[in-house]
1. Among VAL112, TYR150, THR51, whose Cα projects farthest towards the positive end of the dipole of the range 10-166, with charges put on the beta-carbon of Lys, Arg (+1) and Asp, Glu (-1)?
2. So how much slack lies between ILE137 and HIS90, counting 0.36 nm per residue of separation and subtracting their Cα-Cα distance, in nm?
3. Over the residues of the range 10-166, compute the C-alpha Rg and express it relative to 2.2 N^0.38 Å.
4. On a 0 to 90° scale, report how tilted helix 156-166 is relative to the longest principal axis of the chain, with both axes built from alpha carbons and the result rounded to the nearest 10.
5. What residue among SER43, SER121, SER27 has the largest mean-square fluctuation in a Gaussian network model of the chain, using Cα springs under 10 Å?
6. Please state the Cα pair-distance histogram of the range 62-121 with 5 angstrom bins from zero: what percent is in each bin?
7. Summing -39500 (n - 2.57) over the DSSP H runs of n ≥ 4 in the chain and dividing by its residue number, what mean residue ellipticity at 222 nm do you reach, to the nearest 500 deg cm²/dmol?
8. With r as the distance between the Cβ atoms of THR144 and ASN52 and R0 = 22 Å, compute the FRET efficiency 1/(1 + (r/R0)^6) and round to 0.05.
Amino acid sequence: MGIISTINPKVKLFCGLIFSNLDVQQSALIKLTECFGSIDIVSKFIKFDFTNYYNNEFGNNLIRCWISFKKLITADSIATVKILTNNIEHHLSVKGKRTINIDPGYITSASVILVTTKNFSHRIYLRDGIYGEVTMIYNNKQFTKLPWTYQDYLSEIAKKFFLTIRGFKSYE
């Protein structure tokens, strides 16, 4: 029998953002720093044309980027982070439609974890309607896709971002 550990590991928080308006993105960054502290890395922007899932809400010409925060979080706080980011999305909504998608997650030395409100076969329930999934695993000095890894997470910009933040520690 294994011994239960009470250690709650510190992990690197990041958020993926999808938007069509740079002013909305800037407003979201302000709200996110109010909640989670200073941002240390912002990825380059990429065109988000992997799906049209968000087009009805956000319009066309969508942009994707990822950000990470200086302060590490405890792994068990990620469900609270998702609830807060959903509140930011709601706050920035116009006429009942979101103007930005904010997908939080965290990275460890071994994997990239995303959280969502949508259940599926490969996701585990965390709490309060929030599910977690291992999105990519680290192997042979790179992140490896899984059958459910989103296409934008396989872009060169995403790969570079995740490899970069994997090596960062807390500054605060």
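What follows draws every value from the coordinates through simple rules; no lab data is involved. Since the model is a prediction, treat every value here as computed from it, not as a measurement. So basically every Cβ, Gly included, is an ideal-geometry build from the backbone, and we count neighbours across all protein chains shown.
1. About the Cα centre, the residue reaching furthest to the positive side is VAL112.
2. Full extension from ILE137 to HIS90 adds 13.8 nm.
3. In units of the globular-protein estimate, the range 10-166 measures up at 0.97.
4. The angle comes out at about 40 degrees.
5. Highest fluctuation among the options: SER121.
6. The percentages, shortest bin first, are 4, 14, 23, 27, 18, 10, 4, 1, 0.
7. Details: 4 runs with 44 residues, N = 172.
So the helix-based figure for the chain works out to -7500 deg cm²/dmol.
8. Working: r = 27 Å, r/R0 = 1.24.
In this case the efficiency is close to 0.20.
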